[in-house]
1. Treating only the Cβ of Lys, Arg, Asp and Glu as charged (+1, +1, -1, -1), what charge dipole size does region 43-307 show about its Cα centre? Round to the nearest 20 debye.
2. Which value does Rg/Rh take for region 43-307 over its C-alpha atoms, Rh per Kirkwood?
3. Quick one: angle between helix 43-53 and the longest Cα principal axis of the chain, in degrees between 0 and 90, rounded to 10, please.
4. Mean residue ellipticity at 222 nm from the helices of the chain, using -39,500 (n - 2.57) per DSSP H segment of n ≥ 4 over the full residue count, to the nearest 500 deg cm²/dmol?
5. Quick check: pseudo-label points 7 Å beyond the Cα along Cα→Cβ at D51 and H194, how many nm apart are they?
6. Modelled label-to-label distance, E106 and D397, 7 Å Cα→beta-carbon offset: nm?
7. Determine the sum of side-chain charges near P25: Lys and Arg each +1, Asp and Glu each -1, restricted to other residues whose C-beta is under 13 angstrom from that of P25.
8. Among 68-74, 84-90, 263-269, how do they line up from the highest to the lowest mean number of other beta-carbon atoms within 10 Å?
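Every read-out reported here was derived from the displayed coordinates using simple, explicitly stated rules and does not represent laboratory data. Predicted model only: the values in this text are computed from it and were never measured. Here Cβ is always computed from backbone atoms with ideal geometry, including for glycine, and neighbour counts include all displayed protein chains.
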Amino acid sequence: MQLVGVAVKFVNQTMSIYQDFGLEPIINASGAVTRLGGSPMPAAVLDAFRDAAAEWVPLEQMQAAASRKIAHHTGTEAGLVAAGAAAALTLGTAAILAGHDLRRIESLPHCDGFPNQFLIAREQRSGYDHAIRAAGARFVEVGFNEIVAGAGGRRTEPWEYEAAVTEQTAGIVYVFAPDSKPDLAAVVEVARRHNLPVLVDAAGELPPRSNLKDIAATGADLVAFSGGKSIRGPQSTGILCGRKALISSAAIQMLDMDDHFELWDPPANLIDRSQLKGIPRHGIGRGSKVSKESIVALLTALELFASGAYDADLPRYHSNLTTIQDALADAKADCRILTPAHKEMWPLLEIRPDCSALGRSALEICRSLRTGSPPIYVSHGRLHAGALIINPTCIHDESISRLAERLKAELC
Ligand SMILES: *Cc1c(COP(=O)(O)O)cnc(C)c1O
């Protein structure tokens, strides 16, 4: 298996399959964002997808094999491949809410008569928490956004979670980031005291590779990762990993359940059949099913990611950004390469246009890049600070000179 970065083979843009659909492929300088199609799948991942399509296996057995691999790479008891980290969060929530209780499984997202409140730090709420609410959870917010309000320097504190626990509390949701507060370990400690599970959204928290294991090692019960970001699996995959009983519940709420209970013999490492008095109908997660091809492709990508194979791309990213920076030497803009915070992370190129000299705002330049040919999508996360960001991870080497030319035309 070819492990190095060149394993990502891009097609020649002049013969793009997207032209058959009336679309012009873009230069993606935004990185592995969902709305632009995610990360570049290595050749080995695409080959695995194709090979998996040639034969059939029972999905629950495939997921059981995935569970073993995910458990190995994350140091958890079990794992499941879902249709993205957001789907993994919905399934994880459903597992916490319903366990192996057939009535609860059937009733989700309605939770009449059983606890469905999840504690979450107010500062950790985002559009992604809809995936958790979708299973039937209701949020109870703790803490305050004092830093934003300028009302003080304190963040959410562990006692605030503890003070909010009631009979109606079903679990705690934690959104992991390097600067999340309080530390996950402190939240897990509170949860343990009250026998509550902790569900962690760590969708985009790879690299570092060590997070695969370190997040669950805090004692968190379930952790969700994206499969289509840095792992470079299919865009529509995600990983849920953690406690075996919860993964078992998540699996039966996602898998197709059209079988006879008498015949149904699911793999014991994935599904605890002994907990069930009958075979549930299709569950709330049935809409986030994942194909056997996607599962195999994701596991292939996970193997590559965990082995450190993608580090081989880092020098190429650096030299591509340097090429762009050099091309913009005379531009009316400050360009600098941002050194990554971790050695497994990629560099970024920050471009700060001199807006008064150019007579245009960074937003206008961003729009103009998108509407040209080929359309160029730079990362817009720092537009508020007047900066365009070039993320090198989804740019073909052959597109670098075209990208530099277009940027130059906008910035000179
Ligand atoms: C990307 C992301 C998600 C969603 O992940 P998908 O794999 O696209 O479903 C959820 N939460 C956070 C914090 C993310 O960054």
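1. Charge dipole of region 43-307: 140 debye, to the nearest 20.
2. Details: Rg = 18.1 Å, Rh = 18.6 Å.
Computed over Cα atoms, the ratio is 0.98.
3. 40 degrees
4. Numbers: 15 runs with 146 residues, N = 412.
Rounded to the nearest 500, it is -10500 deg cm²/dmol.
5. 4.8 nm
6. 6.0 nm
7. Values: positive: R402; negative: D20, E24, E398.
Charge balance near P25 sits at -2.
8. Details: 68-74: 19.4, 84-90: 28.0, 263-269: 14.1.
Highest mean packing first, the order is 84-90, 68-74, 263-269.
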